[in-house]
């Protein structure tokens, strides 16, 4: 019998994969705005199961290469499998490594990026960015891209606001964290480290009818990821309303609303290593 940690990791991998159809278009748009040159060597920090490492590899082309690093072996195994499925084994590689102590020499990569990673866990985001800055060549860019907001329950703004005011709703931020460590303060991190030309942009992913079966499945998984374990943090009434609106077997399942619309946003911070 598998232990709880293994089951939890497998569940998380499945959730990432199933819900990817929501995130991938907006992340692809953000990546396209970075202007990553073809044929370059890049680093994906905290690559997870490699979904976005593959997007980055497609961006830099057959003559480029992207190395994804993570500390979770199960994630890296899944990443290798996905790379094989897309015939990108020559364009990407994966390595177990600690983002706070990158095992690379100075000026190794043409660029480095991190998506849905910086700000999670107990690692200091400024320290992580300093390491990324160290391993990127002068003139190269470092970027971080994070999920920054969503509106998924049209018609129920107060309920959604209360669901979002929970530990998983505000993740990766925690109530105990100082404001300076909130992801939307990232521009100050880039300035503090000494990046040139720091920029900020937000990208929107609109979701509108008709919803495909894949999108319905992805949204259902997303409801669970965002709010599925907050029953002890909200009132019993709010928890019942969450289940009523977000469970696919409920007669009031919100995805059955004919004109259901929603959106998510991803926010990008980027800076250039001084020449």
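The values are calculated or read from the model by the stated rules, or taken from the named source; none is laboratory data. Note that the structure is predicted; figures quoted are calculated from it, not measured. Positions of Cβ are backbone-derived with ideal geometry, glycine not excepted, and every protein chain shown enters the neighbour counts.
Spot the failing condition for residue 203; the list is (1) within 20 Å of residue 118 (Cα to Cα); (2) without any contact (Cβ under 8 Å) to a residue 40 or more places away in the chain, and only one is missed.
The failed condition is (2).
Cβ contacts < 9 Å: first residue on the phi > 0 side of the Ramachandran plot and surrounded by fewer than 15 Cβ atoms within 10 Å (Cβ to Cβ), restricted to region 179-200; second residue at pLDDT 95 or above and assigned to a helix (DSSP H, G or I), any location; separation 6+ or different chain. Result?
Here the result reads 194/133, each pair linking region 179-200 to a residue that is at pLDDT 95 or above and assigned to a helix (DSSP H, G or I).
Residues being loosely packed, with under 15 Cβ neighbours inside 10 Å and either touching a helix residue (DSSP H, G or I) at 6+ places or on another chain (Cβ under 9 Å) or farther than 25 Å from residue 243 by Cβ (or both): count how many of those fall in region 211-228. Before you say what the answer is, go through the steps one by one.
Going residue by residue through region 211-228, those that are loosely packed, with under 15 Cβ neighbours inside 10 Å are 212-214.
Filter once more, so that each one left must be either touching a helix residue (DSSP H, G or I) at 6+ places or on another chain (Cβ under 9 Å) or farther than 25 Å from residue 243 by Cβ (or both): 212, 214.
Residues in region 211-228 being loosely packed, with under 15 Cβ neighbours inside 10 Å and either touching a helix residue (DSSP H, G or I) at 6+ places or on another chain (Cβ under 9 Å) or farther than 25 Å from residue 243 by Cβ (or both): 2 in total.
If a residue counts only when it is at pLDDT 95 or above, over 22 Å from residue 133 (Cα atoms) and more than 18 Å from the chain's Cα centre (by Cα), which helices (runs of 4 or more DSSP H) contained entirely in region 155-235 have at least 2 such residues?
Answer list for region 155-235: 157-164, 213-227.
Are any residues in region 144-159 buried (at least 22 other Cβ atoms within 10 Å of the Cβ) and closer than 20 Å to residue 185 by Cβ, and if so, which ones?
Correct list: 144, 145.
Counting just the residues of region 58-76 that are touching a strand residue (DSSP E or B) at 6+ places or on another chain (Cβ under 9 Å) and surrounded by fewer than 18 Cβ atoms within 10 Å (Cβ to Cβ), which one comes out farthest from residue 112 (Cα to Cα)?
In this case the residue turns out to be 73.
What are the residues in region 25-57 that are in a helix (DSSP H, G or I) and either surrounded by fewer than 17 Cβ atoms within 10 Å (Cβ to Cβ) or free of Cβ contacts under 8 Å to residues at least 12 places away in the same chain (or both), if any?
25, 28, 29, 32
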